[in-house]
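No value in this document is a laboratory result; all are computed from the given coordinates. The shown structure was predicted, so the numbers you read here are calculated from the model rather than taken from an experiment. Here the Cβ positions follow ideal geometry from the backbone for every residue, glycine too, while neighbour counts run over all protein chains shown.
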Amino acid sequence: MPKTKELCEATKAAILALLEVGMSERQAAEKLTSVNYTKKKQAQHGTTKLLAGCGRKRLSTPRDNHALICSCVRNHHQTSRDLKNEWALWRSVTCLARHTESHRAQKKPFINERQRKARLLFAGDHKDWTITCRTFTEKTRVCVLYGM
């Protein structure tokens with residue numbers, strides 16, 4: 001049966017009241033919709049409320065989901081197809097291709113135009129500085145290369 005919008009409780013109660021009074025399903029259907037579905041649900045389950053546990057069972061456990069998320073965070077350049085294959089290897093969980101769409105993170109520039117201009121201005125201002133003009137704090141890391 002296709003997924004439909006669930007009727008409100010007042011409509012369901014009105015359908016059941018009309019059927020209890022003695023109206024036929026056809027007469028009740030002229031006034032309200034989904035009479036047959038509501039009558040069947042009441043007869044089968046004793047209630048017309050939405051039942052818990054309906055729907056497709058999940059392929060993965062919460063532990064599998066956590067492992068997949070950790071793998072994504074560890075290597076964010078991996079494609080979803082690679083993740084699917086890796087997941088199938090170490091979790092023995094098969095995932096259909098239609099549930100994983102291929103996506104690769106877009107390559108972004110290291111610096112933008114504004115940052116390039118700021119670097120160029122800074123380099124131009126400080127090109128004549130010598131080593132004595134520069135001040136270093138205790139936390140500054142300096143890499144000194146000998147023999148160049």
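Annotations
- Around the amide H of Met23, modelled in the peptide plane, lies no amide H under 5 Å away from a residue 5 or more places distant or on another chain.
- In terms of packing, defined here as the mean over residues of other Cβ atoms within 10 angstrom, the peptides 27-39, 62-74, 115-127 line up highest first as 27-39, 62-74, 115-127.
- For a straight C-alpha distance cut-off of 18 angstrom, the aspartates and glutamates reachable from Lys39 (same-chain residues fewer than eight places away being disregarded) are Glu6, Glu9, Glu20, Glu25, Glu30.
- Too-long pairs where the Cα-Cα distance tops 25 Å, listed order kept, from Lys5/Lys57; Lys5/Lys41; Lys107/Lys127: Lys107/Lys127
- Extending 7 Å from Cα along the Cβ direction at Lys40 and again at Arg56 yields two label points whose distance is 2.2 nm.
- Simple rule: put +1 on each Lys or Arg Cβ and -1 on each Asp or Glu Cβ in the range 1-85, find the dipole, and look at Thr38, Ala67, Ala52; the Cα lying farthest toward the positive end is Ala67.
- Our coupling estimate for the range 38-49, obtained by passing each phi through the Karplus curve with A = 6.51, B = -1.76, C = 1.60 and θ = phi - 60°, is 5, 5, 5, 5, 5, 6, 6, 10, x, 8, 10, 6 Hz, Gly and Pro reported as x.
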